[in-house]
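Some notes on the structure that comes next.
The values are calculated or read from the model by the stated rules, or taken from the named source; none is laboratory data. Predicted model only: the values in this text are computed from it and were never measured. Virtual Cβ from ideal backbone geometry, glycine too; neighbours counted across all protein chains shown.
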Amino acid sequence: MAEENKIEIPQQEKITLPSRQAEKIASPENRVESIPAAPEKAPETLRAGEAAPVAPRPVTPVALSYQEQRAQAIDAVLSEGLNEVFLKMDAKRQQEFKKSGEETVKRINTLLDKTKIKASKIIDLIRAWLKLIPGINLFFLEQEAKIKADKIIRIKDSL
């Protein structure tokens, strides 16, 4: 048998190789630099009265209640088709429009909780919200309010 050389590996394991293979592995171009391990953080010292840092808890999905699901569905119906109009508004009007829209969603959601739904009240709420859009055509406003009200009433029936 050929002469065997022993090469030491940092992990304290020894492998025996024939002399030619040992020379190839030990050559400078084939050497692999070891990557230093990440330094461990020293424990932080706590001052008197300080609490130990708490690791963040993983986020768990929370099931939405029936009313929250309905509010999201109402919001989706109300915002449907108004993206371009919203983006054309200045920042101040966008904030006002958004805030008023959220309030409208809450009011409509409470109206849907009642046994008897009055579509005219829902239409009035939507109409008042859509009037915040600058330069909106009144005929378009009426038509859009009625269409959205019909969809919202269907949400009540489906959920």
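Some notes on this structure:
- Matching residues, segment 126-149, being assigned to a helix (DSSP H, G or I) and out of contact with any helix residue (DSSP H, G or I) (no Cβ under 8 Å at 6 or more places or on another chain): Leu138, Phe139, Phe140, Gln143, Ile147
- Checking the stated criteria, Ser79 turns out not to satisfy the condition of being at pLDDT 70 or above, loosely packed, with under 10 Cβ neighbours inside 10 Å and either hydroxyl-bearing (Ser, Thr, Tyr) or closer than 16 Å to Leu125 by Cα (or both).
- Residue check for Lys88: in contact with a Pro (Cβ under 9 Å, 6 or more places away or on another chain) and not aromatic (Phe, Trp, Tyr): yes
- Scanning segment 61-80 for residues that are out of contact with any Gly (no Cβ under 8 Å at 6 or more places or on another chain) and either touching a residue at least 60 places away in the same chain (Cβ under 8 Å) or assigned to a helix (DSSP H, G or I) (or both) yields Tyr66, Gln67, Glu68, Gln69, Arg70, Ala71, Gln72, Ala73, Ile74, Ala76, Val77, Glu80.
- For Lys156, the test of being charged (D, E, K, R) and surrounded by fewer than 17 Cβ atoms within 10 Å (Cβ to Cβ) is failed.
- Residue among Asp90, Asp75 that is of a type outside the set (Lys, Arg) and within 12 Å of Trp129 (Cβ to Cβ): Asp75
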